[in-house]
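Reading through the structure tokens given below for one structure.
What follows draws every value from the coordinates through simple rules; no lab data is involved. Bear in mind the structure is a predicted one, so any value in this text is a computation, not a measurement. Reconstructed Cβ throughout: ideal geometry from the backbone, glycine too, with neighbour counts over all protein chains shown.
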Amino acid sequence: MTEIAIAKKLGDFMLDVRLEAPESGVTALFGRSGMGKTSVINALAGLLRPDRGRIVVGGTTLFDSERGINLPPEKRRLGYVFQEARLFPHYSVRGNLLYGAKSDGAPDRVGPSFDAVVDLLGIKELLARRPADLSGGEKQRVAIGRALLASPRLMLMDEPLASLDEPRKNEIMPFIERLRDELKLPIFYVSHEMEEIIRLADLLVLLDAGKVAASGSVEELTSRLDLWPLTGRHEAGAVIRTVLRGHDTTFGLSELAFPGGRLRVTQLALPLGTPIRVRIRARDVVLASERPAHLSIRNAFAGKVIELAPPRGPQIDLKLDIGSAAEPVMLWARITQRACQEMQLAPGKPIFALVKTVALDHHSYGRYDNGEAETA
Amino acid sequence: MLTPLEIEALQLSLLIGVVSIIGALPFAIACAWVLARCEFWGKSLFDGIVHLPLVLPPVAVGFALLVLFGRNGIIGAFLYQTFNFTFAFNWKGAALAAGVMAFPLMVRAMRLSIEAVDQKLEAAARSLGAGWWRVFATITLPLSVPGIIAGAILGFARSVGEFGATITFVSNIPGQTRTLPVALYTLTQVPGSDLPAFRLAALSVAVALAALVGSEMLARRMGRRLRGVD
């Protein structure tokens, strides 16, 4: 368990954050720039001293203003991956990786060995090189390895992908997933990209103006209408939990099952049984009042309207339930007000929600741990 | 090519230059680090004191050294009685005077260089478990080496050219404290010694120029190596 309850005045800005995160999994701190995400991480790392409050990680008190405890950063054993890799330019890649492992107060080595980390991150070929000779993606991988080898009890990642282009992001993402899935290392992940969070996060913490606006599972928070100004209106959408249940190799499709139906998507190179989170953007959902025939859309789900959001301009957002009777599954649709009136949509009204298969791409998916992953 | 007198003065100057810089180096690095990285009450005053030898008349510095480190001086008497060691009227005193005069120049160059070290790298090192000393020894110091070398060699050149404080503190003793500038001064006091004086002046120019050019080259090479370009 990680407990944070801190307050800090930063100029005109008041940081006042309280949150609890579980012992494992990825906790995402999400919010626009300047909302205090990095300050929270820096306070955890000991690089920013809160005015008051306390920070406890895995039973160890790192900071407690009342008891006068403030462990220096070097005693906290938190692995910090910065946005800019911050590799030491005068050390080789190997020297950088071993820097934390050789620290004064280094505890008995816990966690993966040097070779395991080098394998995990695919950086064997880079060991003799200098940071100046590495690409952005390679630098970030080395930075992750360096933090890992300092035997951290918690990893802090401050927008580790923000300075990378799209191909480089896709290069790093699987490695972060492996930290989560294979090493079971708890991670605090700062980001302002919803895609990254859907792919990685278990717990989502929304920060707004230095305060926690909401925290909960990704599915729960993305289905809450009142949080859309924070989660991003243009990218508004719901996240649903599915399990990979079938491949259709003839047409290159995969089937993702959720309570209430099966979502057909372009084929995923993953084994059957893989738990997958899918983000369906509200603007990619089409509504029909009867089951449609003669349409190219293969994904049609029966459901009903739950809630209408206050209209904004010509558009309106609707919350739908397309799940089974026992397990509701929330989906968002964004349509024009005119369509809404003509179809006489109101809470309780039965509806068919259509999702275009090609609207879902690799940015829409994320794996999650449902306890089934190991056996599948 | 060189006369015995010239060789003696040159050797003495080089010895004093090297010893004074090596002696002053740890203090200069420490002061540079404090000025670059610490904020404290009275920092401007501290900064001023460090720079004092740069702006004071060298004779005043020499006089102050005499009062402090002369055999009857406050510190000098203690050193003489306890360790039977004295700076008075020998080459060690000349090295002390040269070191004190070169000190502010060294600190200035090193301070700039330490300030240029990215504190984000230091924070990264701390997050990896390195305590203050390890951060300094493995990150701050190596990354400021170009500036430290530049400062040391600038100080060396200044040290070799030191005159006012030296002659005031340790006088003009052949083989002990008669460095290049002091020997040059002595010659200018003797009528008809224009040529030997000119030769000594040329020798001083050569030493100073070699030191400055050497420092520039070395700093550039170290800089490239540190950035990992090389």
Counting only other chains, what is the mean number of Cβ atoms within 10 angstrom of the Cβ of each residue in peptide A:87-97?
4
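For a Förster distance of 41 Å, can you work out the FRET efficiency between the beta-carbons of residue A:128 and residue B:46, rounded to the nearest 0.05?
Details: r = 44 Å, r/R0 = 1.07.
About 0.40, to the nearest 0.05.
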Restricting to lysines and to Cα separations under 30 Å from residue A:211, and discarding same-chain partners fewer than 8 apart, the set is A:8, A:9, A:37, A:75, A:169, A:184, A:319, B:120
Between A:209, A:300, A:339, where does the largest GNM mean-square fluctuation fall for chain A, given springs only between Cα atoms within less than 10 Å?
A:339
Here FRET efficiency (C-beta to C-beta, residue A:226 to residue A:70, R₀ 41 Å, nearest 0.05) is 0.65
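Multiply the residue separation of residue B:68 and residue B:190 by 0.36 nm, subtract the distance between their alpha-carbon atoms, and state the gained length in nm to one decimal. Don't jump to the answer; show the numbers that get you there.
On the way: separation 122, 0.36 × 122 = 43.92 nm, distance 3.26 nm.
Taking 0.36 nm per residue and subtracting the Cα distance, the gain is 40.7 nm.
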Round to the nearest 10 and give me the degree value, 0 to 90, for the angle of helix A:136-148's Cα axis relative to the longest principal axis of chain A.
60 degrees
Work through the residues other than residue A:264 whose Cβ is under 13 Å from its Cβ and net out their charges, Lys, Arg +1 and Asp, Glu -1.
+2
Relative contact order (percent) for region B:83-154, with alpha-carbon contacts under 8 angstrom and 6 or more residues of separation?
41 percent
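Within 10 Å of each Cβ in peptide B:73-84, how many partner chain Cβ atoms are there on average? Round it to a whole number, please. Mind dumping the intermediate values first?
On the way: counts 0, 0, 0, 0, 0, 0, 0, 0, 0, 0, 0, 0.
Taking all residues of B:73-84 together, the mean is 0.
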For chain A, the percent of all C-alpha pairs falling in each 20 Å bin, from 0 up to the bin holding the max distance, is 27, 52, 20, 1
Roughly how many Å is it from the Cα centre of region A:152-207 to that of region B:173-230, as a whole number?
59 Å
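How do A:15, B:209, A:204, B:128 line up, fewest other C-beta atoms within 10 Å first?
Numbers: A:15 22, B:209 11, A:204 26, B:128 29.
Ascending Cβ contact count within 10 Å gives the list B:209, A:15, A:204, B:128.
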Please average, across the residues of A:164-177, the number of beta carbons from any other chain that are within 10 Å of each residue's own beta carbon, and give a whole number.
0
When only DSSP loop residues count, what GluC sites (Glu not before Pro) in region B:80-186 have their Cβ near at most 13 other Cβ atoms within 10 Å?
none
Note down the nm distance, to one decimal, between modelled labels 7 Å out along Cα→Cβ at residue A:61 and at residue B:119.
2.9 nm
Which helices count as membrane-span-like in chain B under these terms: full DSSP H, at least 20 Å along the axis by C-alpha, Kyte-Doolittle mean of 0.0 or more?
B:4-37, B:91-115, B:145-160, B:194-227
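First select every other residue whose beta carbon is under 12 angstrom from the beta carbon of residue B:54; then total the charges, Lys and Arg +1, Asp and Glu -1.
Numbers: positive: B:108, B:158; negative: B:47.
That sum, taken over residues with Cβ under 12 Å, equals +1.
What ranking, highest mean first, results for peptides A:51-57, A:118-124 when packing means the other Cβ atoms within 10 Å averaged over each residue? Could the numbers behind the result be given before it?
Numbers: A:51-57: 18.4, A:118-124: 16.9.
Final packing ranking: A:51-57, A:118-124.
If neighbour count is taken as other Cβ atoms inside 10 Å, put A:205, B:213, A:117 in order from fewest to most. Working shown, then result.
Working: A:205 26, B:213 11, A:117 21.
Taking fewest neighbouring Cβ atoms as first place, the list is B:213, A:117, A:205.
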At q = 0.17, 0.20, 0.21 Å⁻¹, what log₁₀ I(q)/I(0) does a Debye calculation on the Cα points of region A:26-182 give, no solvent, two decimals?
-1.05, -1.37, -1.46
Derived scalar couplings ³J(HN,Hα) [region A:114-122; Karplus, 6.51 cos²θ - 1.76 cosθ + 1.60; whole Hz; x for Gly, Pro]:
4, 4, 5, 5, 4, 5, 4, 9, x
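Taking K and R as +1 and D and E as -1, what net charge do the other residues with C-beta under 14 Å from the C-beta of residue A:249 add up to? Mind dumping the intermediate values first?
Values: positive: A:264; negative: A:248, A:255.
Cβ neighbours under 14 Å give a net charge of -1.
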Projected convex hull area of region A:119-278, Cα atoms, direction-averaged, in nm², equals 12.1 nm²
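Convex hull volume of the Cα atoms in region B:16-119, per residue, in Å³?
Values: hull volume 12.1 nm³, N = 104.
With only Cα atoms used, region B:16-119 gives 117 Å³ per residue.
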Please check: in the Gaussian network model of chain A (C-alpha springs, under 10 Å), which one of A:63, A:88, A:258 has the largest mean-square fluctuation.
A:88
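Please arrange A:182, A:66, A:219 by counting, for each residue, the other beta carbons lying within 10 Å of its beta carbon, fewest first. Don't skip to the end; give the middle numbers.
Numbers: A:182 11, A:66 8, A:219 18.
Neighbour counts put them in this order, fewest first: A:66, A:182, A:219.
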Label point 7 Å out from residue B:172 along Cα-to-Cβ: which residues of region B:190-211 have amide N under 18 Å?
B:190-202, B:204
